[in-house]
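In what follows, a structure is listed as structure tokens, so that the remarks can point back to it.
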Amino acid sequence: MMTEEKENIENIYVVGIRLRSLKVYYFSTTDPNLKVGDVVIVKTVQGVEAGKVVIPPFVPSENFEPPSPLKPILRKATEEDLQKIKEYREKEKEILQFAQEKAKILGLPMKMLACEINFDYSKITIHFASEERVDFRELVKELAGQYKTRIELHQVGVRDEVRYLGGIGICGREVCCHLYLQDFESISVKMAKEQGLALNPLKISGICGRLMCCLSYEYKTYQEIKASLPPKGTVVETKQGKGIVVDHHVPLNKLVVEFDEERRELISLDEVEKIYKKEDKEGEKDKVLEKILKMLEEEED
């Protein structure tokens, strides 16, 4: 009996499934042959849904801890399932248009963005944007009467609006939130400063009008590399003489060293022969820097 249970456990694989929300959820399966791109039918807290395999089946390690308890995949989508999904996608367009027209008739300031029909038709979810709070109870009644199922309206913010509609970013590519981002991170101007980017709102804002999500991609790397380099204001000694660190060139892992007012050089850390540490006490001048500046003044005289 114990042997059978052990064999059953060993035959369980974990697979990553992306649902309509773009989020990836883990499910269990006994089929090791599922491939990335395969469509599967799963049961979630929202009902029965169709999803796509994005992480192929793997045997979980002892340390593997999924965010939520694993549920089994119901089945790999059949030809009938795929046809049903195709029909639902067409119906979703019809529902979205109907909802928009009804909202206009009811005088509701709503912009319909996306519609999702559960695979088992237990629920229809409509995502919309609005600059104000909307009382959509009457609209829900109209939609429920028309489509004979549970209706859920979900108001989203400006970043989600772009996520559902898509668009081209200033980089010339499809916006990340529409392609693959699962969640929105908190983005701050500090991230742009840390990476030495010009603080021009037009250059660091996405088409949603908020700071670009990609500002967070290399932020931690910049922090780590800068932490390994002498900070700005540090006096360093090189073969070219003594100078002051005025900036960091993180992609090259180098220092921008100023030797005089007209000459700045890119210096790698292994070219630095000696580092004079700054005094970090607030209000006190850097004595070493003061000494170097005095020496430079004397040389000019």
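None of the figures in this text is laboratory data; all of them are computed from the coordinates on show. Bear in mind the structure is a predicted one, so any value in this text is a computation, not a measurement. Using ideal geometry, Cβ is built from the backbone for each residue, glycine included, and neighbour counts are taken over all protein chains shown.
If every alpha-carbon in region 28-125 counts as one equal scatterer, what log10 I(q)/I(0) does Debye give at q = 0.10, 0.20, 0.25 1/Å? Each listed q maps to, in turn, -0.39, -1.04, -1.33.
Would you mind checking the tilt of helix 79-105 against the longest principal axis of the Cα atoms of the chain, expressed as 0 to 90 degrees and rounded to 10? Value to nearest ten degrees: 80.
For region 73-169, rounded, prolate or oblate, judged on the Cα gyration tensor with a ≥ b ≥ c (square roots of eigenvalues), a/c < 1.5 rounded, else prolate if a/b > b/c? Because a/c hits 1.5 or more and a/b fails to exceed b/c, region 73-169 counts as oblate. Remark on the chain: Rg and Dmax equal 28.8, 94 Å (Cα only).
For the listed residue pairs K52/K220; K35/K123; K52/K84; K93/K123, the alpha carbons are over 23 angstrom apart in K52/K220; K35/K123.
Within the shell defined by Cβ-Cβ distances under 10 Å, the residues around Y147 carry a net charge of +1, with Lys and Arg each +1 and Asp and Glu each -1.
The Kirkwood hydrodynamic radius of region 160-219, based on inverse pair distances between different Cα atoms, is 11.8 Å. Once the Cα atoms of helix 287-300 and of the chain are each reduced to a long axis, what angle between those two axes, in degrees from 0 to 90 to the nearest 10, is obtained? Roughly 50 degrees, rounded to the nearest 10.
Roughly what % antiparallel, to the nearest 5, for the DSSP beta bridges in region 72-171?
Close to 45 percent.
Taking 20 °C and 1.002 mPa s as the conditions, I'd like the Stokes-Einstein D for region 7-77 in µm²/s, using the Kirkwood hydrodynamic radius from alpha carbon pairs. For these conditions, the coefficient is 177 µm²/s. The trypsin sites (Lys or Arg not before Pro) found in region 49-89 include none that occupy coil by DSSP while having at most 16 further C-beta atoms within 10 Å.
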